[in-house]
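See structure below.
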Amino acid sequence: MDAGAARRARVERAIAAGARIADPRDPLGEEARRRLPLTSGLSPEGVALALGRHLEVDPTRGELDALVAASGRARRCHVVLAANVCTAPLRAIAVATATAPEVFVRPSRRDPVVAELLVRALQADEAFARAGGAVALVADLDLGGAAPRAPGDAGEGALGDAERAEALAELHIYGTDQTVAALRAKAGPGVIVRGHGAGLGIAVVGPGAALAEAARDIAGDVVPFDQRGCLSPRFVLVEGPAERAEALARALHEALGEAGARIPRGPLDGAARAEIAMYRATLEAVGSFLEGDGHGVGLDPAPRSLLLPPAARVVHVAASSAQAAPSLLAPLRGAITAIGAGGGGQLAAAASAVAPRARVSALGAMQRPPLDGPVDLRTL
């Protein structure tokens, strides 16, 4: 098996392991559904939604081609995972297996479930091993670097120039910007670091959007993972007058209530409740706050700045325009990971110009990006 075929085969086996977790009838899928409500912060219904709809187990051939082509080439790959999105380990491990035959995964201490199940499945997968794959969970990382092997090293045979170019370690970090910076500083010489820091999504409702439909689509993007992921919309910018933003906010309040009846929000701790209370008090001073059982919608009809809401199914809605958007979004420029847009107009293009590396999708599709590489395109 040549190197390109082996890389693709390893990715395919990682996705096959993910498919087992997505299947509630498989022992791995059953275990995931039993354990994740205890670790992920999601309700059982939220876990079922995450595994059944948002685990990327059906990529197209073109998506796999893009993932392999976009990945680096190294002898080994270290992966550091965060806990925000319980399904994220599948994409991260798929990218890592495309990068290197030998993969070391440090799971989140708070929510290691999906990483543990994927590694267990791959360790027992003979086809993964035949493609040269080896994967292990680790508690600590050996970031001492990886010097290229010389031709004729024991067990390696003669290496060509292209193969010697691949003989570096890569470190893929998913977490806060502070985590990325701290681990980058510890990486030894010869380690390529690819960091994916904290991010958020914004939704843009253009002048041609039907507000009730747009609200349902936005709710469908907010509910998965209880808004914790970097694709989750925290802000909704409505192109047009304040009255239109208010109508969207009321429609979104209703849509989130309907969605929450089917898929309840996970339990909140005291810190999250305090954040919501502070956000509510601020919004009530400048606009209004609509609170439901398991969600909240803040409305600022004449924003001079954007107030970041808590990641707890709380959405900040503001009226805006293509002319106003650059100054409103400028403080968030580096954090915007995803833009969902619907209804045409000029505001979505203005938002994309502020954050050119953000993924852009239709409203309702923000949480289902193609499996074409890391979900976050803003590599630090």
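Observations, loosely collected:
- Scoring Leu308 on the criteria (1) in a helix (DSSP H, G or I); (2) open to solvent by 30 Å² or more (accessible area, probe 1.4 Å); (3) touching a residue at least 40 places away in the same chain (Cβ under 8 Å) leaves a single failure, condition (1).
- Output for the stretch 172-198, where each listed residue is surrounded by fewer than 24 Cβ atoms within 10 Å (Cβ to Cβ) and either in a strand (DSSP E or B) or in contact with a helix residue (DSSP H, G or I) (Cβ under 8 Å, 6 or more places away or on another chain) (or both): Val191, Ile192, Val193, Arg194, Gly195, Gly197, Ala198
- Here Gly334, Gly342, Gly364 are screened, and the one residue that is at positive phi and not aliphatic (A, V, I, L, M) is Gly364.
- Selection count, the stretch 317-355, where residues are part of a loop (DSSP other than H, G, I, E, B) and either among the hydrophobic types (A, V, I, L, M, F, W, C) or open to solvent by less than 40 Å² (accessible area, probe 1.4 Å) (or both): 5
- Qualifying residue in the stretch 36-59 (condition: touching an Asp or Glu at 6+ places or on another chain (Cβ under 6 Å), touching a residue at least 24 places away in the same chain (Cβ under 8 Å), under 25 Å from Asp376 (Cα atoms) and of a type in the set (D, E, K, R)): no
- Within the stretch 259-283, the set of residues being in contact (Cβ under 8 Å) with a residue 40 or more places away in the chain and assigned to a helix (DSSP H, G or I) comprises Ala259, Gly260, Arg262, Ala272.
- Among the conditions (1) touching a strand residue (DSSP E or B) at 6+ places or on another chain (Cβ under 8 Å); (2) over 27 Å from Asn84 (Cα atoms); (3) in a helix (DSSP H, G or I), the only one that Pro303 does not satisfy is (3).
- Of all residues in the stretch 23-44, those satisfying the criterion of being in a helix (DSSP H, G or I) and buried (at least 23 other Cβ atoms within 10 Å of the Cβ) are Ala32, Leu36.
- Annotation: Leu371 fulfils all but one of (1) open to solvent by 50 Å² or more (accessible area, probe 1.4 Å); (2) in contact with a Pro (Cβ under 8 Å, 6 or more places away or on another chain); the unmet one is (1).
The values are calculated or read from the model by the stated rules, or taken from the named source; none is laboratory data. The structure presented is a predicted model; accordingly, all values stated were derived computationally and were not measured. Using ideal geometry, Cβ is built from the backbone for each residue, glycine included, and neighbour counts are taken over all protein chains shown. Accessible surface is based on the protein model in full, side chains and every heavy atom, while ligands, DNA and RNA are left aside. Shrake-Rupley method; radii C 1.70, N 1.55, O 1.52, S 1.80 Å.
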